[in-house]
1. Taking the Cβ of Trp256 as the center, what net charge do the other residues with Cβ under 10 Å away carry, scoring Lys and Arg +1 and Asp and Glu -1?
2. Just the ratio, please: alpha-carbon radius of gyration of the stretch 591-636 over 2.2 N^0.38 Å, N its number of residues.
3. So how far apart, in nm, are the two label points at Arg330 and Val503 if each is 7 Å from Cα heading toward Cβ?
4. Pop out the ³J(HN,Hα) list for the stretch 574-589 in order, Karplus 6.51 cos²θ - 1.76 cosθ + 1.60 with θ = phi - 60°, rounded to Hz; leave Gly and Pro as x.
5. If each residue of separation counts as 0.36 nm, what is the full-extension length gain between Lys609 and Arg47 once their alpha-carbon separation is subtracted?
6. Where the eigenvalues come from the Cα gyration tensor of the stretch 367-518, what are the semi-axes √(5λ) of the equivalent ellipsoid, largest first, in whole Å?
7. Rg/Rh for the stretch 540-661: what does it come to with C-alpha atoms and Rh from Kirkwood?
8. State, to one decimal in nm, how far the label point of Ile233 lies from the label point of Thr139, with both points 7 Å from Cα in the Cβ direction.
Amino acid sequence: MKDIDKTKKQLLDEIADLRQKIKDFDNTSSNRPEKIHPLKHNDELYRTLVEQASEAILVIQNNKIRYANTRASEFTGYSRKELSDRPLIDLIHPDDRKQITFDDIQIRDKAKKPEVFTCRITRKNDDIRWLETKLLNTTVMTKPAILCFLNDVTERKIAEKALQQSEGRYQLLVDHAPAGIYEIDLTNGQFISSNDVMCQYTGYTKEEFLNLNFTDLLTQESLEKNLARYQKIQNREAVPDMAEYEIIGKNQRRLWILVNTSIKYENDTPVSVTVIAHDITNRKHLEQERSKAQKLESLGVLAGGIGHDFNNLLSGIMGNISLAKLEAERGENIMESLNEALRVAAKASALTRQLLVFSKGGAPVRKAASIAEVLKESTAFTLRGSKVRCKFNITENLWPVKVDIGQFSQVINNLVINAMQSMSSGGEIRLIADNITIEKILGLPLIPGRYVVIKIQDPGEGISQINMPQIFDPYFTTKSKGSGLGLTMTYTTIKRHDGHITVDSEVGRGTTFTIYLPATEEEPEKAGDQEALPAGGDGRILVMDDEETLRKVAARMLLELGYEVHCVPDGAEAIKQYKQAQESGLTFDAVIMDLTIPGGMGGKEAIEKLLEIDPQAKAVVSSGYSNDPIMSNFKKFGFKGVVAKPYRIEELSWILRDVLNSG
């Protein structure tokens with residue numbers, strides 16, 4: 001094809017040059033009386049080029065063929081004699097004559113640029129062929145003429161028609177497909193095409209839709225999900241064939257779509273994507289309703305379990321207190337009954353903390369810590385007195401992690417109890433802790449980085465595949481003992497520490513729980529020794545709490561520890577009393593603030609106002625519900641310490657001692 005194009009160019013150049021020669025020659029011989037055929041003015045080169053050309057060439061003058069080369073004769077099927085003086089219009093297909101007359105195609109371009117048109121001709125044998133005709137002005141015998149270069153493009157036209165038909169069928173299928181179909185330019189995110197169904201999904205007209213960017217449709221969460229998927233595609237990572245996204249249509253209508261994508265690459269770079277989308281909004285709504293029903297069912301089980309557990313605990317507390325009253329009236333020692341009541345109350349407190357962790361509250365108060373000793377101590381404490389022992393395999397220089405030591409200890413306690421209960425005949429469990437670096441996401445919902453991985457393995461009964469999906473559900477248990485909250489709390493706690501927990505089990509062969517916790521660069525705080533007895537002190541303490549009972553018991557504890565106490569019911573009164581104390585010269589050494597005061601000023605607002613009047617004020621935040629970030633990041637909000645309700649006098653004394661001794 002390149003050779004043919006080259007010949008055309010050469011021929012046009014030669015003819016342009018020879019045309020001038022013909023004109024000059026005609027001018028010198030115009031007075032000759034004899035009739036001279038136009039080709040007789042051409043030299044041998046002109047004749048050779050024309051006769052050997054691969055194109056059919058005609059010379060037209062007065063709408064008639066004055067000359068036809070050999071290829072033109074072969075192409076039309078007429079002899080050169082039959083073509084001579086024949087009107088060109090006779091060769092053109094009758095249907096095309098209505099659209100094209102020879103007068104219409106006279107060249108009007110004074111720059112003599114070739115004019116091109118396409119039409120059909122009827123050959124002598126009635127065969128119909130498509131040809132592409134290029135026209136060029138020339139002069140023959142001093143009269144205007146046209147050079148016609150004819151190319152057979154029948155095969156191309158057949159292919160074009162087939163392509164049009166194929167595209168027509170494709171467009172018909174696309175427009176009537178029972179799914180939304182659209183294409184996105186990945187270089188700029190613009191929509192390239194869309195079918196009617198996708199417009200129906202979104203409520204936009206096709207014109208409006210094609211003026212959108214794909215980011216205009218996706219919700220923020222779905223956009224982040226989509227961009228993460230595209231990043232994996234760019235990195236040549238495997239991604240699922242299908243994905244679900246929530247989109248926002250016209251008039252803010254939201255719907256869910258399930259998409260299947262096909263990406264087009266150029267030079268190994270994704271340039272566009274064709275998407276087939278199915279509306280799954282109804283399915284998602286059904287799933288959400290089913291999830292709500294399951295949650296309500298779990299909540300019913302949870303509420304029943306809580307009621308049962310707390311009734312038992314309250315019975316122990318009330319029973320022992322009533323016994324202590326009778327013993328006191330008889331002058332007997334009441335310490336045993338009070339200690340027992342305190343022990344049961346501590347169990348109630350532990351249950352409440354587990355419920356807070358399970359609920360939206362219970363945010364961990366996290367600090368950088370080295371957990372090697374915590375692992376050993378928590379495990380040893382749990383296994384004390386049992387027939388089960390533990391073999392530790394903890395790597396040296398285990399990386400520190402940011403954890404709430406109390407909650408993390410409970411996690412280990414729960415997992416070790418689970419292992420111990422599965423080994424009725426005793427035996428050995430293994431606890432392994434190591435440092436790992438995750439470079440790529442390999443089926444785990446964790447970002448790449450440094451982690452401490454902890455494995456607790458037991459050779460016990462194992463968990464059946466039927467029960468496996470339910471083991472982290474609240475109050476689900478297959479054991480005769482236990483509340484069924486242990487693994488639920490464990491799962492929730494690990495998630496709140498930005499970690500992950502997996503389980504691998506086989507009936508009769510044992511179970512392995514694996515915990516991943518992100519490592520931290522922070523240095524662990526060195527824990528000081530805390531005395532078993534309360535730490536006494538002196539100074540003036542302001543207590544703010546809306547519950548009168550709690551104000552009274554806090555005041556009695558502080559008086560017992562040697563402090564002078566003043567109590568107020570809300571933040572506004574606390575600020576007022578603090579100012580008055582400053583003005584009188586009897587300032588408060590510390591303030592204990594309840595975080596939440598219904599209908600009044602709570603600790604969050606009060607600490608801001610307190611620090612405005614005294615930037616050196618020492619305040620401790622206290623709450624029975626730790627869903628507020630202040631409880632886990634108290635220093636960030638200006639507090640010097642935190643004490644979670646319920647608290648014992650020992651805990652309160654240690655917190656106050658540390659706060660008062662701080663700079």
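1. -1
2. Scaled against compact globular proteins, the figure is 1.09.
3. In this crude spin-label approximation the distance works out to 4.8 nm.
4. Karplus values, whole Hz, x for Gly and Pro: 5, 5, 4, 5, 5, 5, 4, 5, 4, 5, 7, x, 9, 5, 7, 7.
5. Here the segment from Lys609 to Arg47 would lengthen by 191.7 nm.
6. 24, 18, 15
7. 0.92
8. About 6.3 nm separates the two model spin labels.
Read-outs: derived from the displayed coordinates by stated rules, not from any lab. Just so we're clear, the structure is a prediction, and the values are computed from it rather than from any experiment. Using ideal geometry, Cβ is built from the backbone for each residue, glycine included, and neighbour counts are taken over all protein chains shown.
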